[in-house]
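Single-structure report; data block below.
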Amino acid sequence: MKYLILCFVLLPTIGFSAVGKITEQVNAVPSIQRNKETISGAKGTGVEMNDAIKTTRGKVGITFADDTKVEINENSRLVIDDFVYDPKAKTGKLAMKVALGTVRYASGQIAHNNNQNVNINTPTATVAVRGTDFTATVDEVGASTIILLPTCPGNKIPVDVLKDCYTGIIDVITDGGMVTLTRPFEATKVYDRSLAPMKPVVLNLLNFDMLNNMLIVSPPKEIKKEEDRTRVSQAGALSVDFLRENSLANALDAQQKEVFQDKLSRNLLDQNFLANVLDIINAQMAAQLDLLNNSKSGLLPDYVATSGVVAEVDDVSVTLFRNDGSNTQSVTVPKNQNSTIKQLQGSVEITNRVNSGGSTVIILRQN
């Protein structure tokens with residue numbers, strides 16, 4: 001009698017479609033979103049292209065087929081966009097996206113052979129790797145902090161980093177520019193993909209654990225200092241902190257000189273200003289408005305420049321304002337409207353018509 005013997009071979013967790021596997025897992029097990037399915041990311045689980053790995057109160061380490069290593073820290077999210085590797089030629093391509101939190105990257109064969117085939121993205125920057133280690137931290141609004149790390153024996157920082165460790169090069173690229181990091185623990189930050197990365201600074205660290213804890217709790221002090229120095233110049237006028245006293249004074253001074261040369265920027269309560277300038281303004285306005293009131297059909301047929309009323313005319317409106325030394329009045333009406341404006345300040349009463357006056361009557365009274 002002949003017997004049929006069946007042999008069952010147990011395949012490892014990393015399957016034929018896997019591009020790497022989880023080789024380290026600490027505390028809470030992460031989740032892996034794969035197509036419409038969510039699976040557990042325990043140690044030994046294979047990872048595939050288009051997987052989104054999400055951690056909560058734990059962290060994981062992934063080793064790819066080319067020996068690229070990625071550590072995903074707590075409350076972070078990494079997406080594997082693409083991975084192709086030929087182990088014989090030791091060539092391929094790798095693309096990943098750090099969507100949130102802190103991810104540490106250590107180059108494998110692909111980056112060592114051709115760094116142009118490695119594409120690490122954050123919401124605000126692209127990192128071009130030249131065979132080295134780095135961390136990328138992405139906050140809730142997408143701002144990215146990139147730190148170049150030395151590759152040290154035993155993953156410990158020796159006394160002489162430059163002598164005992166290898167440090168490669170990374171380029172941090174945005175639509176607004178690029179910076180190159182070449183020194184151990186050199187860092188930059190990017191607020192928006194349209195802006196150039198922040199000027200690099202070197203962090204003062206004693207060990208790699210300090211780096212992870214610092215990035216989780218708060219940004220390094222060196223980065224915060226450079227942020228304060230460059231925030232306004234990078235982000236433009238919209239990033240000016242108008243609640244800060246110095247910024248407020250400087251910004252308003254510039255704007256008053258260049259933009260708001262109208263009744264709102266003129267300090268009508270400044271008596272020195274009035275004493276020196278009011279007569280000149282009235283004379284200039286009188287000469288200017290002679291063209292308007294030469295006839296009874298003018299824009300301001302009743303206007304008298306020496307009455308103390310200052311008139312300003314633009315394309316769409318007419319403004320009349322007056323200061324008697326202690327009180328200020330100002331009224332603006334449409335240029336094409338027929339209006340009668342009466343300004344009463346104490347015992348002084350001044351009436352001006354805009355165009356023919358009409359039935360619209362505006363009375364300003366200050367006792």
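The values are calculated or read from the model by the stated rules, or taken from the named source; none is laboratory data. Please read all numbers here as calculations on a predicted model, not as lab measurements. Quick reminder, even Gly has a Cβ in these numbers, built from the backbone with ideal geometry, and neighbours come from all protein chains shown.
So which residues in segment 108-152 are of a type in the set (D, E, K, R) and within 14 Å of V98 (Cβ to Cβ)? Don't jump to the end; show me each part of the working.
Taking segment 108-152 first, the residues of a type in the set (D, E, K, R) are 130, 133, 139-140.
Answer for segment 108-152, where residues must be of a type in the set (D, E, K, R) and within 14 Å of V98 (Cβ to Cβ): D139, E140.
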Would you tally the residues in segment 289-306 being surrounded by fewer than 16 Cβ atoms within 10 Å (Cβ to Cβ) and at pLDDT 70 or above? 2
Just to be sure I understand, how many residues within segment 157-191 are surrounded by fewer than 18 Cβ atoms within 10 Å (Cβ to Cβ), assigned to a loop (DSSP other than H, G, I, E, B) and of a type outside the set (G, A, S)? 7
G177 vs (1) touching a helix residue (DSSP H, G or I) at 6+ places or on another chain (Cβ under 6 Å); (2) at pLDDT 70 or above; (3) among the small types (G, A, S): all pass except (1)
How many of the residues in segment 50-77 are over 13 Å from I22 (Cα atoms) and buried (at least 23 other Cβ atoms within 10 Å of the Cβ)? 2
Starting from segment 185-203, keep only residues that are β-branched (V, I, T), then list their pairs with residues that are assigned to a loop (DSSP other than H, G, I, E, B) whose Cβ atoms are within a distance under 6 Å, requiring at least 6 positions of separation or different chains. T188/P197; T188/M198; T188/P200; V190/T124; V190/A125; V190/P197; V202/R183; V202/F185
When V26 is run through (1) modelled with pLDDT of 50 or more; (2) farther than 16 Å from R77 by Cα, the failure sits at (2)
Go through segment 333-352 and give me each residue that's modelled with pLDDT of 85 or more and either more than 15 Å from I363 (Cβ to Cβ) or in contact with a Pro (Cβ under 9 Å, 6 or more places away or on another chain) (or both). P334, K335, N336, Q337, N338, N352
Failed item, numbered, when R130 is tested on (1) under 13 Å from I170 (Cα atoms); (2) basic (K, R); (3) under 20 Å from the mean Cα position of the chain (by Cα): (3)
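Consider G142 carefully, then state whether it is assigned by TED's automatic domain parsing to the domain that holds F83 and on the phi > 0 side of the Ramachandran plot. Before you say what the answer is, go through the steps one by one.
Working: assigned by TED's automatic domain parsing to the domain that holds F83: yes; on the phi > 0 side of the Ramachandran plot: yes.
Yes, satisfied.
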Name every residue in segment 350-367 that is farther than 12 Å from P301 by Cβ and touching a strand residue (DSSP E or B) at 6+ places or on another chain (Cβ under 7 Å), in order of residue number. I350, G358, T360, V361, I362, I363, L364, R365, Q366
Segment 106-125, subset in a strand (DSSP E or B) and aliphatic (A, V, I, L, M), residue surrounded by the fewest Cβ atoms within 10 Å (Cβ to Cβ): A106
